[in-house]
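Only one structure is covered here, and it is reproduced in the block below.
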Amino acid sequence: MLSVRRPAVANLFYTADKERLENTIKNYLLKAPLYPYKPEGLVSPHAGYMYSGVVAAVSYKQLLNLDLDKNYTFLLIGPSHHVYLQGVSFGYYDFWQTPLGNVKVAKEKIERFVKLNPDFPLTLNTLPHQKEHSLEVQVPFLQVIMKNFDIIPVVYGDIESDFIKYIIEYFKDENTIVVISSDLSHYYPDKIARQLDSYCHLAVEKLDERYLQNCEACGKIGIEAMIKYAKEKGLKSKVLDYKTSGDTGGDYSSVVGYASYIFYK
């Protein structure tokens with residue numbers, strides 16, 4: 001029997017209405033700028049679309065620089081918010097479902113990784129994925145833009161960034177794009193949030209993970225792994241967009257930061 005990961009946050013983080021969801025994403029993408037960078041990796045936020053959708057769209061708009069007739073795999077990496085785990089959990093399903101339809105999971109690639117890395121701190125237990133929003137909110141954007149793709153979903157808990165970097169190194173090829181899911185600082189007044197988040201931007205722009213010591217991103221381990229990988233492979237990086245929930249929701253007294261980052265050749 002095929003295993004399908006059902007949506008956990010439809011009607012919470014985004015509408016469960018197929019047509020409205022598609023139109024919402026297309027609208028965000030229409031307003032997002034297209035830069036001349038072909039993504040090897042992206043960082044995208046994972047809040048409700050009304051808060052972070054406009055920023056996420058800037059990351060995903062850059063996929064238009066790819067040859068959309070090719071097949072792609074998206075390595076989705078995000079923090080676990082609901083289940084404490086040591087190491088990582090692969091979303092070992094056959095399909096990942098959203099209101100826009102089913103997306104194939106690259107199970108064979110996951111199986112190969114597991115076989116070749118028997119000592120790696122990982123589990124195929126899908127419990128950490130069942131209620132997790134950090135990866136789920138990324139998938140509808142991919143469904144709207146991409147023609148042919150599958151995904152490798154990875155959530156991590158207590159783990160060193162070098163392990164995540166190893167996962168990136170293992171799966172990354174010219175048809176595999178990395179998506180790191182992360183929001184930035186949480187629940188500070190807007191001015192303080194912007195100061196804290198500026199360290200996250202610096203770490204990315206300068207490809208120097210030392211700045212992350214002052215960055216309070218929930219997906220910091222993933223960002224750090226991507227920075228280390230980019231540095232090793234000679235990739236360039238850029239901050240494409242940044243907003244706080246004050247900009248999108250109107251309340252500046254206690255905000256969450258959202259950024260769109262890109263890594264490219």
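Annotation for region 158-227: GluC sites (Glu not before Pro) lying in DSSP loop with at most 11 further Cβ atoms inside 10 Å of their Cβ are Glu174.
Summing Lys and Arg as +1 and Asp and Glu as -1 over all other residues whose Cβ lies under 12 Å from the Cβ of Val54 gives a net charge of +1. Pairs exceeding 31 Å between alpha-carbon atoms, taken from Lys18/Lys38; Lys31/Lys265; Lys104/Lys228; Lys115/Lys238; Lys115/Lys231: Lys115/Lys238. Mean residue ellipticity at 222 nm, helices only, the chain: -10500 deg cm²/dmol; runs of at least 4 DSSP H residues each add -39,500 (n - 2.57), and the sum is divided by the number of residues.
Taking θ as phi - 60° and the Karplus parameters 6.51, -1.76 and 1.60, the scalar couplings of region 185-202 work out to 5, 10, 6, 9, x, 3, 4, 5, 4, 5, 5, 4, 5, 4, 5, 5, 4, 4 Hz in sequence order, x denoting glycine and proline. Computed over neighbours whose Cβ is under 11 Å from that of Ser245, the net charge equals -3, Lys and Arg +1, Asp and Glu -1. DSSP beta bridges fully contained in the chain are about 45 percent antiparallel. Using 1/(1 + (r/R0)^6) with R0 = 35 angstrom and r between the beta carbons of Asn102 and Asp162, what's the FRET efficiency to the nearest 0.05? So, using R0 = 35 Å, E works out to roughly 0.55. Karplus-based coupling profile of region 245-261, in residue order and whole Hz: 5, x, 5, 9, x, x, 9, 9, 6, 8, 10, 10, x, 10, 10, 10, 10, with θ = phi - 60° in 6.51 cos²θ - 1.76 cosθ + 1.60 and x standing for Gly or Pro. The share of C-alpha pairs in the chain whose separation exceeds 22 Å stands at 52 percent.
By the Cβ distance rule of under 4.7 Å, the chain has these cysteines without a partner: Cys218. The spacing between region 54-106 and region 214-261, judged by their C-alpha centroids, is 17 Å.
Using R0 = 41 Å, the C-beta based FRET efficiency linking Asp119 and Asn11 works out to 0.50.
Charge tally around Ser185: other residues with Cβ under 13 Å, Lys/Arg +1 each, Asp/Glu -1 each, net 0. Once the chain from Ile192 to Lys38 is taken as fully extended at 0.36 nm per residue, the excess over their C-alpha distance is 52.2 nm. Exposure proxy ranking for Cys215, Cys200, based on other Cβ atoms within 10 angstrom of each Cβ and starting from the fewest, stands as Cys215, Cys200. Note that region 12-24 has calculated 3J(HN,Hα) couplings of 10, 9, 7, 5, 8, 7, 3, 5, 5, 4, 4, 5, 4 Hz, one per residue in order, obtained from phi through the Karplus relation 6.51 cos²θ - 1.76 cosθ + 1.60 (θ = phi - 60°); glycine and proline are x. With 0.36 nm allotted per residue and the present C-alpha distance subtracted, the Leu2-Ser253 stretch has 85.7 nm of extension available.
Subtracting the Cα-Cα distance of Leu127 and Met50 from their residue separation scaled by 0.36 nm leaves 25.0 nm.
None of the figures in this text is laboratory data; all of them are computed from the coordinates on show. Just so we're clear, the structure is a prediction, and the values are computed from it rather than from any experiment. For neighbour counting, all protein chains shown are included, and Cβ atoms are generated from backbone atoms with ideal geometry for every residue, glycine included.
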